[in-house]
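The values are calculated or read from the model by the stated rules, or taken from the named source; none is laboratory data. Please read these numbers as outputs of a predicted model, since none were measured by experiment. Reconstructed Cβ throughout: ideal geometry from the backbone, glycine too, with neighbour counts over all protein chains shown. Side chains are part of the model used for accessible areas, which takes the heavy atoms of the whole protein and leaves out ligands, DNA and RNA. Shrake-Rupley method; radii C 1.70, N 1.55, O 1.52, S 1.80 Å.
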There are 2 protein chains.
Amino acid sequence: MADTPDCDLRSLSPLQLFERVTEQGEKVRALKAGKAPKDEIDAAVRMLLSLKLSYKTTTGQDYQAGLPPKDLVLINNGTTKEEDEDLVDPWNVQTSNAKGVDYDKLIVRFGSSKIDTDLIIFLERATGQKPHHFLRRGIFFSHRDMDQVLDAYENKKPFYLYTGRGPSSQAMHVGHLIPFMFTKFFLEVFDVPLVIQLTDDEKYLWKDMTIEKAHEYARENAKDFFACGFDVNKTFIFSDLDYLGTSAGFYKNIVKVQKHVFFNQVKGIFGFTDSDCIGKISFPAIQAAPSFSSSFPQIFNGKENIQCLIPCAIDQEVLQRLAHSSCLTLLCYPPQLSDTAFRGPSGYSDNSQCFPSTDMNWFFHTFHGRASSGINKHAFSGGRDTIEEHRKYGGNCDVDVSIMYLTFFLEDDDRLEQLKQAYTSGELLTGELKKVLIETMQPLVAAHQERRKQVTDEIVKQFMTPRKLAFEF
Amino acid sequence: MADTPDCDLRSLSPLQLFERVTEQGEKVRALKAGKAPKDEIDAAVRMLLSLKLSYKTTTGQDYQAGLPPKDLVLINNGTTKEEDEDLVDPWNVQTSNAKGVDYDKLIVRFGSSKIDTDLIIFLERATGQKPHHFLRRGIFFSHRDMDQVLDAYENKKPFYLYTGRGPSSQAMHVGHLIPFMFTKFFLEVFDVPLVIQLTDDEKYLWKDMTIEKAHEYARENAKDFFACGFDVNKTFIFSDLDYLGTSAGFYKNIVKVQKHVFFNQVKGIFGFTDSDCIGKISFPAIQAAPSFSSSFPQIFNGKENIQCLIPCAIDQEVLQRLAHSSCLTLLCYPPQLSDTAFRGPSGYSDNSQCFPSTDMNWFFHTFHGRASSGINKHAFSGGRDTIEEHRKYGGNCDVDVSIMYLTFFLEDDDRLEQLKQAYTSGELLTGELKKVLIETMQPLVAAHQERRKQVTDEIVKQFMTPRKLAFEF
């Protein structure tokens with residue numbers, strides 16, 4: 001990272017830094033307008049991202065064009081919580097705010113960065129592909145050190161993807177799969193190894209569940225990953241209960257993290273108390289260890305310190321940072337996305353369960369056939385009480401669950417915008433909107449179900465066998 | 001355990017129970033005096049042991065002949081400590097008492113039982129062998145459920161031995177090996193599998209040591225076990241850092257223990273605080289898990305619930321009990337025996353380092369040749385200041401380190417008694433006593449050194465490879 005300008009910038013005041021970022025932003029725009037060579041633009045964007053990071057590090061706030069720094073607060077690294085702050089950790093999402101969790105505030109508290117237009121443009125330029133609509137639409141809204149991965153990608157340095165899930169039920173619902181859809185996009189764009197951790201040990205520790213049941217759920221969930229279309233030659237799926245017993249490298253990393261994380265830290269971050277079992281208290285280390293490539297010697301040929309990109313809920317951010325890895329990159333989404341009850345993302349209220357999964361049968365294996373009645377009966381609507389009122393005042397996209405789902409699953413930006421406008425103007429009725437949603441979801445879910453039917457125990461075994469993947473290290 | 005009389009005894013008062021034990025003791029003595037058939041005597045002894053256990057459970061005190069129950073205290077299971085109590089846990093041994101830790105009081109606090117003459121006689125009868133001098137001399141002084149193992153042995157039910165060590169240095173000194181000498185005796189008497197855990201992960205967590213160094217010490221210590229003469233066909237030695245990565249069964253048991261042990265328990269028992277790392281807090285589960293036979297599917301053919309006998313320091317007692325295993329038998333010695341500085345056992349002051357290991361070069365690899373000067377210079381003596389005074393008043397065996405060592409290493413009871421009497425009377429001088437000690441130790445240590453020289457990496461690998469042992473299950 002020779003172009004990191006930290007050394008020059010440490011002595012600058014917040015206002016001076018603000019001016020440097022503004023200046024560099026103008027430079028980037030000028031280069032783009034003048035159709036400067038790609039290399040030159042990329043270098044300028046990298047410098048801009050670094051300057052923004054320095055600004056953030058110094059002020060604890062994201063750079064916002066036209067808004068000079070004021071009311072500076074100290075960064076507390078997300079480890080303490082003020083009276084009026086939201087509680088967001090891997091096992092709790094609570095807010096006293098009727099509008100839901102304030103993710104902008106959370107970014108500041110966690111000391112991560114907002115995914116802004118500059119980063120998205122840079123990503124598009126680096127990969128030569130249109131960024132995923134989850135990025136374009138701000139569903140993934142925060143990152144940490146994404147420039148490190150892009151730097152690795154551009155310089156053909158190795159890196160890998162790591163994501164995971166706590167297998168809390170046999171069948172996954174559509175909400176569970178959203179982070180994996182996003183991960184699959186990156187797997188295809190970057191063409192790097194992917195490791196997926198199934199924390200069956202975590203579920204056993206937290207839930208009233210036998211160890212056998214947790215392990216069974218892990219294997220069942222692995223089938224859904226196959227149905228998502230992950231490439232078996234590039235993906236290693238592992239259950240902790242299995243893999244910990246087959247990899248000394250993994251356990252060594254767990255112990256290393258365990259030595260450097262203290263009870264008062266996890267107590268502060270995760271709200272553990274003296275009445276918690278000792279398994280919960282040390283568990284964060286098990287979730288942090290896969291971010292070290294030496295946990296997978298069979299994949300990385302024993303190589304250490306390979307950069308790791310983790311698409312994760314922002315509540316996992318602080319957990320991963322506990323690992324003190326210098327090779328960690330995070331891309332974050334709101335924790336609700338993978339919650340057991342599929343709730344609204346940022347912008348929708350986090351306190352309402354839009355689609356209580358038991359009512360909706362919103363699970364893949366029962367979706368087909370019942371989807372339409374489920375959506376028609378249960379999906380919370382932003383429409384008016386009568387057709388006349390709807391035509392007159394229009395619908396409210398901000399609270400409409402059909403719009404929320406379409407934001408996730410309808411890839412066509414123009415079509416989505418068109419639907420939103422028609423709904424807002426009153427031209428499109430709630431029933432018609434729900435029909436569009438059903439038409440969008442049914443083929444997606446049918447395809448998933450079809451692929452899931454094809455999963456055999458042999459395929460699951462292939463995915464879950466520790467082995468070399470289709471990459472040389 | 002059809003002969004456990006618990007059902008009848010629950011309604012009895014402490015005094016009534018006391019009378020039942022006394023009565024049964026008299027019955028046993030009468031049977032022995034009358035040379036009754038072996039079966040009849042054994043049944044009576046078993047009943048006596050069960051009655052003593054019931055008495056202990058009810059009163060929190062060991063039965064003592066002629067001393068009816070009084071000043072009854074509630075059993076606190078060793079989890080809390082009164083103001084004037086000694087602090088004894090796996091990482092601390094502290095006492096404010098000048099005479100050292102009061103082990104009788106500790107037995108009551110931990111709720112275990114004293115190894116008494118009845119148990120020793122029963123052991124001799126069951127095995128047909130003279131009990132080890134560590135038992136005869138009260139060095140192993142406490143047990144829990146030893147009758148379960150003896151019952152298993154008599155009825156040809158399977159059981160196994162488990163012991164362990166934290167590998168804190170490359171070379172072990174004689175003090176470290178005392179528990180293993182005892183374990184070897186049981187291995188030969190009972191002819192059952194033995195598992196030895198080397199907690200290199202623990203040493204890494206507790207000490208300022210790299211993970212590689214801790215792992216290296218584990219392998220070096222394994223060489224000393226070979227030198228002790230353990231049979232490779234009956235012994236599995238494992239380093240946690242290695243074995244956890246090769247046995248899913250072991251990890252599953254660890255998680256099971258971790259789920260059922262709470263921070264406030266380990267806090268109370270081991271004195272953990274909020275400033276301790278999370279690895280320490282969950283570590284007790286790793287030391288408890290080998291007491292479940294399913295941690296070693298390769299040895300026990302996947303069978304669960306096989307009785308486990310653990311020769312251990314009494315400070316480990318409460319740790320093992322955290323596992324809530326119903327198949328656990330413990331035989332305890334004072335924690336000092338395996339301490340890094342070889343201190344005195346019960347009866348000797350626990351606060352004095354009799355043989356500071358660095359001064360003494362009391363390690364096996366440097367012992368030979370320097371032993372005599374070490375003993376002559378450093379071994380604390382119970383002798384008088386001048387020969388005249390010694391002849392007149394005699395020596396004090398209770399504080400003499402040579403006598404202490406001879407108690408451990410001189411197997412001949414008559415010879416030991418003779419030496420003690422001669423020293424107490426003043427007939428034997430300190431220099432002469434030290435000469436006897438040197439003559440006793442040198443051949444033992446030389447033999448150990450000779451065997452240790454023969455250890456190859458191949459032998460260590462054999463011991464440490466997870467495999468079936470020479471037993472069918």
Top-ranked residue in segment A:236-249 [being outside any helix (DSSP H, G or I) and facing chain B (nearest Cβ under 8 Å); ranked as most open to solvent (accessible area, probe 1.4 Å)]: A:246
Residue A:120, sole failed condition from (1) under 12 Å from the mean Cα position of the chain (by Cα); (2) in a helix (DSSP H, G or I): (1)
Complete set of residues in segment A:243-278 that are touching a Pro at 6+ places or on another chain (Cβ under 9 Å), among the aromatic types (Phe, Trp, Tyr) and either over 27 Å from residue B:212 (Cα atoms) or without any contact (Cβ under 8 Å) to a residue 40 or more places away in the chain (or both): A:270
Meets criteria (open to solvent by 10 Å² or more (accessible area, probe 1.4 Å) and at pLDDT 95 or above) for residue B:220: no
Segment A:170-213, residues that are open to solvent by 30 Å² or more (accessible area, probe 1.4 Å) and away from chain B (no Cβ under 14 Å): A:170, A:181, A:184, A:185, A:188, A:191
First in segment B:419-433 and outside the structural domain of residue B:392 (by TED's automatic domain parsing) and more than 15 Å from residue B:404 (Cα to Cα), second anywhere and in a loop (DSSP other than H, G, I, E, B) and modelled with pLDDT of 95 or more, Cβ under 9 Å, 6 or more apart: none
Selection within segment B:214-235 - small (Gly, Ala, Ser) and either more than 12 Å from chain A (Cβ to nearest Cβ) or part of a strand (DSSP E or B) (or both): B:218, B:222, B:227, B:229
Residue among A:252, A:280, A:256 that is of a type in the set (D, E, K, R), open to solvent by 10 Å² or more (accessible area, probe 1.4 Å), under 20 Å from residue A:165 (Cβ atoms) and part of a helix (DSSP H, G or I): A:280
Tally of residues being under 23 Å from residue A:152 (Cβ atoms) and open to solvent by less than 40 Å² (accessible area, probe 1.4 Å) across segment A:10-46: 6
Members of segment B:293-324 found to be open to solvent by 20 Å² or more (accessible area, probe 1.4 Å) and within 19 Å of the chain's Cα centre (by Cα), listed by number: B:307, B:316, B:321
Flag if residue A:363 is in contact with a His (Cβ under 9 Å, 6 or more places away or on another chain), modelled with pLDDT under 90 and within 30 Å of residue A:231 (Cα to Cα): yes
Qualifying residue in segment A:126-143 (condition: touching a strand residue (DSSP E or B) at 6+ places or on another chain (Cβ under 6 Å) and more than 27 Å from residue A:410 (Cα to Cα)): no
Residue list for segment B:392-415, filter: under 20 Å from residue B:132 (Cα atoms) and more than 22 Å from the chain's Cα centre (by Cα): B:414, B:415
Single match in A:104, A:147, A:151 (criterion: at pLDDT 85 or above and either in a helix (DSSP H, G or I) or open to solvent by less than 20 Å² (accessible area, probe 1.4 Å) (or both)): A:151
Residues that are aromatic (Phe, Trp, Tyr) and at the interface with chain A (Cβ under 7 Å from one of its Cβ atoms), drawn from segment B:251-277: B:251, B:262, B:263
